[in-house]
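The values are calculated or read from the model by the stated rules, or taken from the named source; none is laboratory data. Since the structure is predicted, the reported quantities are computational estimates derived from the model, not experimental observations. Here the Cβ is made from the backbone with ideal geometry for all residues, glycine too, and neighbour counts use every protein chain on show. What goes into the accessible areas is simple: the full protein's heavy atoms, side chains included, and nothing from ligands, DNA or RNA. Shrake-Rupley method; radii C 1.70, N 1.55, O 1.52, S 1.80 Å.
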Amino acid sequence: MEKVKVMVVDDSRISRMMIASMLAKTNFEVCAMAENGAEAVELYREARPDIVTMDMNLPDADGIEVSRRIHGIDPQCKIVMISAMKDAKLMMQGRLAGISSFLQKPVSTNELIDTLLMLCQDSVGAVSIFRESYVPSFVKVFQDGLAQLLGLKSEISITHEEDSVLHIEGVAVIIGITGSPKGRIAVYMSTETMRRFAKTMLQLSGDNGEVSDEEAEATVEECSNIIAGRGVSKLNDVFRDREMRVTPPGTISGSDIRIANPELISFDIKATTKLGDICMNVGFSRGV
Amino acid sequence: MAMDAKLVNPFIDAFTSVFPQMGFPAPVRKGMSLKDKIANSLGVTVIVGFTKQLRGNVVYNMSEDTAKYIASTMMMGMPVPEFDAMAQSAISELSNMLTATAATNITGLGLEVDISTPSLGVGAGAQVKISDEQYLVVVMDLGGHPVEIDIAVSS
């Protein structure tokens with residue numbers, strides 16, 4: 001995904017640096033910084049950022065007036081007002097000047113990123129947003145979970161297919177996601193991998209007892225539940241007010257089963273391990 | 001996790017109110033029973049999960065023939081010879097409508113609930129474990145086509 005260009009307008013050097021550092025490890029790139037209104041208008045023309053963060057108090061004009069001027073250059077511009085005050089009158093004036101969102105100082109990293117993501121989603125598309133912002137959390141908890149729960153090393157590969165259908169030869173644990181966005185997680189693997197998974201998890205070696213398929217399924221279900229729960233709580237840490245929760249697991253087993261979720265944008269995260277391939281498919285409803 | 005009988009009516013009411021709106025004959029309740037942990041797929045199963053004050057899953061379980069009949073009726077009588085992507089999408093959407101209506105009915109009981117997106121499983125012989133304990137099965141007849149609702153939710 002292409003970097004999303006952000007211009008920061010603030011008369012305080014510290015504030016500009018803070019915003020730049022919040023965005024440092026994200027897909028947002030600070031392409032310009034302006035310390036007053038005149039400079040902001042000039043730099044907007046040159047740099048054509050995707051999003052502008054705007055301080056209210058600037059030495060030569062207020063943020064609303066500067067936003068109005070930028071909006072005059074580009075009616076499609078996306079401006080986030082960051083100010084110490086946030087009242088209804090300011091917001092109304094700001095909306096009329098073309099400001100899309102309002103944040104109150106001090107702004108947390110999460111709030112800022114969340115707001116910018118929502119603003120740019122039309123231009124970069126929901127698939128990219130999910131891939132860049134949601135999927136990495138699940139990759140991390142999946143890989144960490146396999147390491148912690150089973151002592152498993154894994155190689156991860158991620159694929160995205162439109163309207164993908166999962167083909168199950170073995171077991172799939174399905175865990176729903178409620179809140180915004182809605183979705184579901186499906187952890188699936190072959191029957192053989194499931195048996196090895198359970199024996200590893202329960203620390204049973206060759207002659208140290210067998211595990212029934214029912215027990216093996218229960219083991220996979222429990223691990224999947226833990227990993228899915230961690231993934232969603234990680235997202236909740238980053239994106240507040242989304243109230244994302246996981247449903248209790250449902251487990252489908254058998255051969256030649258297809259699982260479809262027609263309305264989801266989904267990503268298949270495959271962990272290649274010594275026990276076999278363990279897959280986690282994470283899908284989100286279109287439209288955040 | 002004990003199944004509360006009062007939580008069954010919201011699902012039955014959803015069934016009887018949603019289907020006639022889409023041009024189906026009025027569904028009739030055929031039977032109710034308790035089962036243990038696992039449901040055997042009749043061919044097509046749709047799982048929808050619940051969170052907040054009610055947690056669990058509901059599964060709509062039907063044969064592929066029934067699923068094709070429902071999809072065809074939803075699409076104004078268009079023939080559905082194969083249970084293809086469009087038919088799957090119709091069943092998925094229907095399950096979403098049924099569950100959202102049930103959720104609204106449950107809210108009327110004073111319980112706050114939220115539902116997940118539906119997951120549709122296709123394949124005869126699949127086993128679906130939806131509960132660690134017993135769950136409730138309601139069989140509804142829809143114009144001669146049976147649809148099983150497997151309910152495993154509790155507050």
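Annotations
- Counting only DSSP beta bridges whose two residues both lie in region A:4-124, roughly 5 percent are antiparallel.
- Charged side chains reduced to their Cβ positions (Lys and Arg at +1, Asp and Glu at -1) give chain A a dipole of some 540 debye around its Cα centre.
- Chain B: radius of gyration over Cα atoms, expressed as a fraction of 2.2 N^0.38 Å: 0.97
- Hydrodynamic radius (Kirkwood) for region A:4-124, which is based on Cα pairs only, to one decimal in Å: 13.9 Å
- Charge dipole magnitude, Cβ of K and R +1, D and E -1 - region A:159-288, Cα centre, debye nearest 20: 580 debye
- Counting only DSSP beta bridges whose two residues both lie in chain A, roughly 70 percent are antiparallel.
- Tail fraction, Cα-Cα pairs, region B:1-47, threshold 14 Å, whole percent: 67 percent
- The eigenvalues of the Cα gyration tensor, multiplied by 5 and square-rooted, give region A:246-288 an equivalent ellipsoid with semi-axes of 22, 15, 11 Å from largest to smallest.
- For chain A, average projected area of the Cα convex hull in nm²: 16.3 nm²
- Between the Cα long axis of helix B:9-21 and the first principal axis of chain B there is an angle of about 20°, rounded to the nearest 10.
- Heavy-atom accessible area ranking, 1.4 Å probe, most first, across A:GLU65, A:GLU161, A:GLU263: A:GLU161, A:GLU263, A:GLU65
- The ratio of the alpha-carbon radius of gyration of region A:36-103 to the globular-protein estimate 2.2 N^0.38 Å is 0.98.
- Mean residue ellipticity (222 nm) of chain A, computed from DSSP H runs ≥ 4 via -39,500 (n - 2.57), nearest 500: -12500 deg cm²/dmol
- Converting phi to 3J(HN,Hα) with the Karplus coefficients 6.51, -1.76 and 1.60 and the offset θ = phi - 60°, region A:138-149 yields 6, 4, 5, 5, 5, 5, 5, x, 5, 5, 6, 7 Hz in sequence order, with x at every glycine or proline.
- Distance between region A:235-263 and region B:1-79 - C-alpha centres, whole angstrom: 19 Å
- Whether region A:167-266 is rounded, prolate or oblate, judged on the alpha carbon gyration tensor where a/c under 1.5 counts as rounded: oblate
- Remark: for residue pairs B:LYS30/B:LYS52; A:LYS25/A:LYS270; A:LYS25/B:LYS52; A:LYS3/A:LYS78; A:LYS140/A:LYS274; B:LYS6/B:LYS35, the C-alpha separation exceeds 22 Å in B:LYS30/B:LYS52; A:LYS25/A:LYS270; A:LYS25/B:LYS52.
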